[in-house]
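A.B. asks: Let me begin by handing over the structure; questions about it come next.
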Amino acid sequence: MLRMLTALAIRDFAIIDDLELDFAPGLTVLSGETGAGKSIIVDALGLALGQRASSSQVRDGAERAEITALFQPGDNGPAAAWCAAQDLAWDGTLILRRTVQADGGSRAWLNGTPVTAQQLAELGSLLVDLHGQHGQYRLLQARGQLDWLDNAGGDPELRLKVAAAFRDWRAAEERLAATLATAEHPDEMEYLGFQVDELAAAEADFDAYDALVADHRRLSHSDELGDFCRAALAALDDDDNAVLARLNEQTSRCTRLVPEVPELKELAAIFEEARINLAEAARWLRHFADALELDPDVLAALDRRLARLHDLARKHRIEVRELKARLEELRRRRAVLADLDQAIARCRHEAEAARRTYIERATKLGAERRTRAEHLTAAGRTLIRELGMPGAEWRIDLESEQEPQWQAHGTDKITIRFSANPGTAPDLLRKIASGGELSRVALAMMVAAMQQGGGAGGAPTQIFDEVDAGVGGAAAHAVGRLLKTVSTRKAGAGRQVLCVTHLAQVASLADCHIRISKRSDKRRTWTEVRPLNGEERLQELARMLGGKDTPAALAHARELLAAVS
């Protein structure tokens, strides 16, 4: 199974000196004596996921604590999209690393690139849901509850259509507001006209800019060019002792000697080629000199035309070559303003049509949510009562928000109310539920969503810390059974589940069982980790049942494992 936590390395964190854990798909349980460090491992992972750091978390005598978590979320999904949005390169594997200094301060890295703790928290929320005694739970947040409801068999395309309609409506409202604002400033039309006229007066020079620059460069050196042409022509052809005249004379003499001295034939040809080239150079110089513009008024006119173009570019804060596009933009804007009444009417119509589309889609989404909420309320109530809260009550309330509160996720406001005790009216979940109760409610919500044909909801890795606190007997079996359900990959809905437990009934259902133990000598205390199989797992289950290695406890442990297989 991809999209999971695969490894965790912890160094000098609390009572853990150096610890490495590998994780597998399915259900993994962490068990051990009280105080062995089971929940510390969860806290360490939370630090790697961007939770608040404290120097008190550093092991006594160490300079810093260091946590590294390795994930394989796959090439698609929210984590991949987040990395792409952050322009962070990766190859399908994410390495989250966090250090905490003993003297204060922390640092974070993602695949070796420094990131902020906030970035780790954003990414971490897409990778892991932590359900524990002190965690912040997605199910306590209205948006997280709505996401859960929509994932529980809802139509994802409909929610996307609602979000698209909301964006279209907001964009139409912004266009209307901008047009109305323009109508409130009639002097803008006059200023636009001035800008258009000013640019239009120089429009003929926009496309000729490069040619104007070349002409200006040539004319600004006309005196120097004229002196050069005269001197070159004098040297070549105009003076009595010019090169061409002397070369002509020597070429003729060489040619007359060729019959007598055949070896001179090649030299005569070279002389002739040189004479032709120099004659061509002289003709080119005369043509170039005749074409030179020596009138200072022409240069001054070019100066004025170029200066005007550069002034306009500075005024509009653009390049000279962008002036033509700027003029076209201003002309279009003036045309719109010239027809302002029709523009306002058109924008109003578009905004109202977009609003109707949004309301239509949001109403349909709301109706689906209410039907789904009824089924989930009934399913969740049954599951919660199975989890050791027989008198618990809960319900999912949906109500329509006022228009100012409408959002891309629709017009509905969700409230989940809960009561753990009979006779107590359900109140807001965040006000009533304890940490252990919240974990069990979260577990029930995930299973209820799967029963309705939706995904398990939430992040691909789910961690439950003490979800079974205060339960036993049949409720303990129910906790284990539901954890197993969440971790079972069925129709793509399964999740990797890690559970810190003290119940043998839960541990017996694990795909992987890890024992956490605490060791100490006279100088220090440290935590050890050991994956369990065979006889070791049987002995750990017996210990969890309270009988250690007694025959009765071992027999009970064998019964639990036999019931699973």
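A.B. asks: Report yes if R64 is farther than 30 Å from L541 by Cα, of a type in the set (K, R) and open to solvent by less than 10 Å² (accessible area, probe 1.4 Å), otherwise no. Give the derivation first.
C.D. replies: Working: farther than 30 Å from L541 by Cα: yes; of a type in the set (K, R): yes; open to solvent by less than 10 Å² (accessible area, probe 1.4 Å): no.
Spelling it out, it is not the case that R64 is farther than 30 Å from L541 by Cα, of a type in the set (K, R) and open to solvent by less than 10 Å² (accessible area, probe 1.4 Å).
A.B. asks: Something else: Pairs needed: first member in region 52-65, within 12 Å of I16 (Cα to Cα); second member anywhere, open to solvent by 90 Å² or more (accessible area, probe 1.4 Å) and not aliphatic (A, V, I, L, M); C-beta distance under 7 Å; at least 6 residues apart or different chains.
C.D. replies: Hits for this filter: V58/R64; A65/R11.
A.B. asks: Within region 531-548, identify whether any single residue is assigned to a strand (DSSP E or B) and either of a type in the set (G, A, S) or in contact with a helix residue (DSSP H, G or I) (Cβ under 7 Å, 6 or more places away or on another chain) (or both), and answer yes or no.
C.D. replies: Yes, the conditions are met somewhere in region 531-548.
A.B. asks: Condition first: in a strand (DSSP E or B), over 21 Å from L482 (Cα atoms) and open to solvent by 10 Å² or more (accessible area, probe 1.4 Å). Now tell me which residues in region 494-528 satisfy that.
C.D. replies: R515, S517, K518, R519, S520, T525, W526, E528 - these are the residues of region 494-528 that are in a strand (DSSP E or B), over 21 Å from L482 (Cα atoms) and open to solvent by 10 Å² or more (accessible area, probe 1.4 Å).
A.B. asks: Here's something else I'd like to know. Could you tell me how many of the residues in region 412-430 are open to solvent by 20 Å² or more (accessible area, probe 1.4 Å) and either free of Cβ contacts under 8 Å to residues at least 12 places away in the same chain or in a loop (DSSP other than H, G, I, E, B) (or both)?
C.D. replies: 7
A.B. asks: Considering every residue within region 321-330, establish whether at least one is at negative phi and not in a helix (DSSP H, G or I). Explain how you work it out, then say what you get.
C.D. replies: Going through region 321-330, the residues at negative phi turn out to be 321-330.
From what is left, the residues that are not in a helix (DSSP H, G or I) are none.
No, because not a single residue in region 321-330 is at negative phi and not in a helix (DSSP H, G or I).
A.B. asks: Further question: Answer yes if at least one residue in region 79-89 is among the aromatic types (F, W, Y), open to solvent by less than 10 Å² (accessible area, probe 1.4 Å) and closer than 28 Å to T488 by Cα, and no otherwise. Step through it out loud before you land on a result.
C.D. replies: So the first thing to find is which residues in region 79-89 are among the aromatic types (F, W, Y), and the list is 82.
Now restrict to residues that are open to solvent by less than 10 Å² (accessible area, probe 1.4 Å): none.
Within region 79-89 (the criterion being among the aromatic types (F, W, Y), open to solvent by less than 10 Å² (accessible area, probe 1.4 Å) and closer than 28 Å to T488 by Cα), the answer is no, since none of the residues qualifies.
A.B. asks: Look through region 350-394, keep the residues that are of a type in the set (S, T, Y) and in contact (Cβ under 8 Å) with a residue 40 or more places away in the chain, and return whichever of them is least open to solvent (accessible area, probe 1.4 Å).
C.D. replies: So, considering only residues that are of a type in the set (S, T, Y) and in contact (Cβ under 8 Å) with a residue 40 or more places away in the chain, the one least open to solvent (accessible area, probe 1.4 Å) is Y358.
A.B. asks: Being in a strand (DSSP E or B), surrounded by fewer than 19 Cβ atoms within 10 Å (Cβ to Cβ) and out of contact with any helix residue (DSSP H, G or I) (no Cβ under 9 Å at 6 or more places or on another chain) is the filter here; which residues of region 90-105 pass it?
C.D. replies: Answer for region 90-105, where residues must be in a strand (DSSP E or B), surrounded by fewer than 19 Cβ atoms within 10 Å (Cβ to Cβ) and out of contact with any helix residue (DSSP H, G or I) (no Cβ under 9 Å at 6 or more places or on another chain): just I95.
A.B. asks: Please list, ordered by first then second residue, the pairs with beta carbon atoms under 8 Å, 6 or more apart or interchain, first in region 296-314 and free of Cβ contacts under 8 Å to residues at least 40 places away in the same chain, second surrounded by fewer than 17 Cβ atoms within 10 Å (Cβ to Cβ).
C.D. replies: Every condition considered, the pairs that remain are A313/E319; A313/E322.
A.B. asks: Mind checking which helices (runs of 4 or more DSSP H) fall wholly inside region 241-318 and carry at least 3 residues that are under 30 Å from D207 (Cα atoms) and open to solvent by less than 40 Å² (accessible area, probe 1.4 Å)? If you could, list the steps in order and put the result at the bottom.
C.D. replies: Numbers: elements: 243-257, 265-291, 296-316.
Correct list: 296-316.
A.B. asks: Let me ask something else. Among G35, G26, which is open to solvent by less than 20 Å² (accessible area, probe 1.4 Å), closer than 28 Å to G480 by Cα and touching a residue at least 24 places away in the same chain (Cβ under 8 Å)?
C.D. replies: Being open to solvent by less than 20 Å² (accessible area, probe 1.4 Å), closer than 28 Å to G480 by Cα and touching a residue at least 24 places away in the same chain (Cβ under 8 Å) holds for just one of G35, G26, which is G26.
A.B. asks: Right, something else. Output the residue which, of all residues in region 319-329 that are closer than 20 Å to G193 by Cβ and under 36 Å from the mean Cα position of the chain (by Cα), is most open to solvent (accessible area, probe 1.4 Å).
C.D. replies: E329
A.B. asks: Look through R361, R430, R372 and report the one residue that is at pLDDT 90 or above, more than 27 Å from D168 (Cα to Cα) and either in contact with a Pro (Cβ under 8 Å, 6 or more places away or on another chain) or of a type outside the set (V, I, T) (or both).
C.D. replies: Only one candidate passes the filter, namely R372.
A.B. asks: OK, next. Looking at region 395-410 only, could you name the residues that are touching a residue at least 12 places away in the same chain (Cβ under 8 Å) and open to solvent by 20 Å² or more (accessible area, probe 1.4 Å)?
C.D. replies: Answer for region 395-410, where residues must be touching a residue at least 12 places away in the same chain (Cβ under 8 Å) and open to solvent by 20 Å² or more (accessible area, probe 1.4 Å): R395, D397, L398, E399, S400, E401, W406, Q407, A408, H409.
A.B. asks: So which of L383, L398, L337 ends up being closer than 30 Å to L158 by Cβ and more than 36 Å from the chain's Cα centre (by Cα)? Walk me through how you get there before you give the answer.
C.D. replies: Values: L398 fails: more than 36 Å from the chain's Cα centre (by Cα); L337 fails: closer than 30 Å to L158 by Cβ.
Unique residue meeting the criteria: L383.
A.B. asks: Let me ask something else about it. Could you check how many residues of region 166-215 are open to solvent by 50 Å² or more (accessible area, probe 1.4 Å), in contact (Cβ under 8 Å) with a residue 24 or more places away in the chain and over 21 Å from V336 (Cβ atoms)?
C.D. replies: 3
A.B. asks: Return the total of residues in region 106-126 being touching a residue at least 12 places away in the same chain (Cβ under 8 Å) and exposed (fewer than 12 other Cβ atoms within 10 Å of the Cβ).
C.D. replies: 2
A.B. asks: Here's another thing I want to ask about it. Restricting to strands (runs of 3 or more DSSP E) lying wholly in region 106-189: which have 1 or more residues that are out of contact with any Ser or Thr (no Cβ under 9 Å at 6 or more places or on another chain) and at pLDDT 90 or above?
C.D. replies: 106-110, 113-115
A.B. asks: A further question on this structure: Just a yes or no: is a residue in region 56-65 among the hydroxyl-bearing types (S, T, Y), more than 18 Å from P460 (Cβ to Cβ) and modelled with pLDDT under 90?
C.D. replies: Yes, region 56-65 contains a residue that is among the hydroxyl-bearing types (S, T, Y), more than 18 Å from P460 (Cβ to Cβ) and modelled with pLDDT under 90.
The values are calculated or read from the model by the stated rules, or taken from the named source; none is laboratory data. Predicted model, so just to flag it, every value in this text is computed and none were measured. Every residue, glycine as well, gets a Cβ built from its backbone with ideal geometry; the counts of neighbours run over all protein chains shown. Protein only, heavy atoms only, side chains kept; ligands, DNA and RNA dropped before computing areas. Shrake-Rupley method; radii C 1.70, N 1.55, O 1.52, S 1.80 Å.
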